[in-house]
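Worksheet: the structure to be examined is printed underneath.
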Amino acid sequence: MEKDKSWTALSKGEQQPRVRRKEINRQQLLLRPVEVEKLVEQGHPVRAIWELVGGLNLQPFYADIESVEGVAGRPVWDPQLLISLWLYAYKEGGSSAREIARLCEYHPAYQWLTGLEVVNYHTLADFRIEHKEALDQLFIDVLGVLSHEGLITLQRVMHDGTKVKACASDKSFHRKTTLQDHLRLAREQVEQMGDPESEEVSKRVAKARQRGLREKQERLEEALKALEQIEASRSKEEKKRRASSTDPDARVMLQAKGAYGPSYNAQISTDAKAKVIVGVGVTQAPTDAAELEPAVERIEANLGKKPVQMVVDGGLTNQAAMEAMTEKQVDLIGALPERRGVAPDRLKQRGVSPDFYPQAFEYDEGADCYRCPAGKGLQYETEERQGASVRRRYRAKASDCRGCPFQAQCCPGTKRGRSVVRSEATPEMAAFQAKMETPEAQAIYKQRAGVAEFPNAWIKDKMGLRQFRLRGLVKVTLEAVWACLTYNICQWIRLCWKPQRLAQV
Ligand code: SF4
């Protein structure tokens, strides 16, 4: 006999009434009115983005549009809309054209922007990379707005580099012979390609296959060219003497966590007043050593004047940077670079006993010579400039060392007398060191991490840009500009737009 489902047995003989639930009907069809304007509230950031973009000069984005009134042709999407879609997507941590196209179908903020239309992902993807000059100008125009609001002073700018993963895997990096083999195969495949019209598969599939093969061949040719550049740079590390077959512009770099990986080096300059990014660039250089001067030039190009002071970490304080900043009359504040003497490991390899390491030699400043543990003099021999130091070499007479009972511990296997190197700071470095010992300079330097690393963390953590989606230095730089532009607009929303809106309520 079937059990009565409207009652649940509690215990033998007891029952309680069934819960009255709302039914879910997934078979119904509904027509609902949508008031587009009310899809997002008045203080929603998507309104701020639309408002700001609408107030900027977008003429460079309109310049190439051929669809005009009075002439046959389909209307195009307004650049104000495409820019706003990308900025809002980056703000929300998205960086995929397909994802934006999907979001246009149901997300209220995207629906408000598009007026319930769906923008094709091809249009979005092409727009992101097709307007380099216009995008650079847009970045500058937004800086103009921020400057007008008093958020940029250029009194103090913090500069830092951060590695961002390239869109390539470790396995895509190959040595020359492997790349040559792959290229030969790709060329053979391209030569064997038939006419797409006569293919058994559809014409569209055949054409896509041919395009894929040609692009593969081009990428391999670019990878071989990149490898020539890498070899010309005489990189000593074998793992760096390879090029990627998927992104030939990517370089193997040391990441923050100590691992090597395909990356680009993003250079970001941040004004200390309101943490606004005033300059962005992307390089293939594995270190930041040569990036300070280009950073100052970028800031000057963007804002029409040089920063008064640049604050950097020890990776950028070198002789060339100091000379460049002196020439540009920009005050440099930074960590002191590490001073390198002869590493104990190298002395150990030469068989020198720790009792005869350089600290056992006494320097006589008056006579400008060293005295060794056996009491013999080491006279000045030569000097060479290495970075921000001058290396002065002092050497004992060969005859003194030959007859010395300590020779086996002090300079084994050397026919010449023992030498000791004294490293002295260049005049520029000495002045820099003196400045950095003052409490004022140290107090300024302490602000560096909080300002310089803030946009890096925002872009990587909030926007999720830990890896570029695009490939190639030009496109990757465009992606970095989109991200930094979005970051600056977020600062404008937080510091200007929202307070003004609240004041109006
Ligand atoms: S080997 Fe030469 S430098 Fe070394 S302790 Fe003897 S005399 Fe001095």
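The values are calculated or read from the model by the stated rules, or taken from the named source; none is laboratory data. Small disclaimer: the values here were computed from a predicted structure and weren't measured. Heads up, the Cβs are rebuilt from the backbone with ideal geometry, glycines too, and the neighbour counts pull from every protein chain shown.
Yes/no matrix, rows are residues, columns are (1) over 29 Å from the mean Cα position of the chain (by Cα); (2) over 30 Å from Lys305 (Cβ atoms); (3) crowded, with 19+ Cβ neighbours inside 10 Å:
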{"site": "Leu87", "(1), (2), (3)": "no, no, yes"}
{"site": "Tyr110", "(1), (2), (3)": "no, yes, yes"}
{"site": "Glu117", "(1), (2), (3)": "yes, yes, no"}
{"site": "Leu135", "(1), (2), (3)": "no, no, yes"}
{"site": "Val142", "(1), (2), (3)": "no, no, yes"}
{"site": "Val164", "(1), (2), (3)": "no, no, yes"}
{"site": "Arg175", "(1), (2), (3)": "no, yes, no"}
{"site": "Asp181", "(1), (2), (3)": "yes, yes, no"}
Picking from Pro412, Pro354, the residue that is surrounded by fewer than 17 Cβ atoms within 10 Å (Cβ to Cβ) and touching a Leu at 6+ places or on another chain (Cβ under 9 Å) would be Pro354
Going through region 364-392 in order, the residues found to be in contact (Cβ under 8 Å) with a residue 40 or more places away in the chain, closer than 10 Å to Val420 by Cα and outside any loop (DSSP other than H, G, I, E, B) are Tyr370, Leu378
Ser399 passes all but one of the listed conditions (1) surrounded by 15 or more Cβ atoms within 10 Å (Cβ to Cβ); (2) within 15 Å of Arg418 (Cβ to Cβ); (3) out of contact with any Cys (no Cβ under 9 Å at 6 or more places or on another chain); (4) small (Gly, Ala, Ser); the exception is number (1)
How many residues of region 254-307 are closer than 18 Å to Cys167 by Cα, in a strand (DSSP E or B), within 12 Å of the chain's Cα centre (by Cα) and of a type in the set (A, V, I, L, M)? The answer is 2
Within region 224-244, is there a residue that is in contact (Cβ under 8 Å) with a residue 24 or more places away in the chain, surrounded by fewer than 23 Cβ atoms within 10 Å (Cβ to Cβ) and aliphatic (A, V, I, L, M)? yes
Those residues of region 101-131 which are farther than 20 Å from Leu52 by Cβ and among the basic types (Lys, Arg) amount to Arg102
In region 196-248, residues that are in a helix (DSSP H, G or I) and modelled with pLDDT under 70 total 6
Requested in this report: Inspect all residues belonging to region 321-339 and state whether any of them is within 30 Å of Gln407 (Cα to Cα) and not in a helix (DSSP H, G or I).
Outcome: yes
>> One residue is enough: does region 372-380 have a residue meeting the conditions modelled with pLDDT of 90 or more, within 12 Å of the ligand (Cβ to nearest atom), in contact with a strand residue (DSSP E or B) (Cβ under 9 Å, 6 or more places away or on another chain) and of a type in the set (Phe, Trp, Tyr)?
In response: no
Checked Ile299, Ile333 against criteria (in contact (Cβ under 8 Å) with a residue 12 or more places away in the chain, away from the ligand (no atom under 16 Å from the Cβ) and touching a helix residue (DSSP H, G or I) at 6+ places or on another chain (Cβ under 8 Å)); the one match is Ile333
Taking region 442-464 and the residues there that are surrounded by fewer than 18 Cβ atoms within 10 Å (Cβ to Cβ) and among the small types (Gly, Ala, Ser), the one that is farthest from Ala388 (Cα to Cα) would be Gly464
Taking region 415-474 and keeping residues assigned to a loop (DSSP other than H, G, I, E, B) and under 30 Å from Pro405 (Cβ atoms) leaves Lys415, Arg416, Gly417, Arg418
Yes or no: Gly387 away from the ligand (no atom under 16 Å from the Cβ), at pLDDT below 95 and of a type in the set (Gly, Ala, Ser)? yes
Residues of region 264-303 being within 24 Å of Arg469 (Cα to Cα) and modelled with pLDDT under 95, in sequence order, are Gln284, Ala285, Pro286, Thr287, Asp288
Taking region 393-405 and the residues there that are part of a strand (DSSP E or B) and of a type outside the set (Lys, Arg), the one that is farthest from the ligand (Cβ to nearest atom) would be Tyr394
When restricted to Ala441, Ala449, Ala408, the only residue at pLDDT 95 or above and either among the aliphatic types (A, V, I, L, M) or within 16 Å of the ligand (Cβ to nearest atom) (or both) is Ala441
Of the residues in region 411-438, those that are charged (D, E, K, R) and either under 30 Å from Trp482 (Cα atoms) or within 16 Å of the ligand (Cβ to nearest atom) (or both) come to Lys415, Arg416, Arg418, Arg422
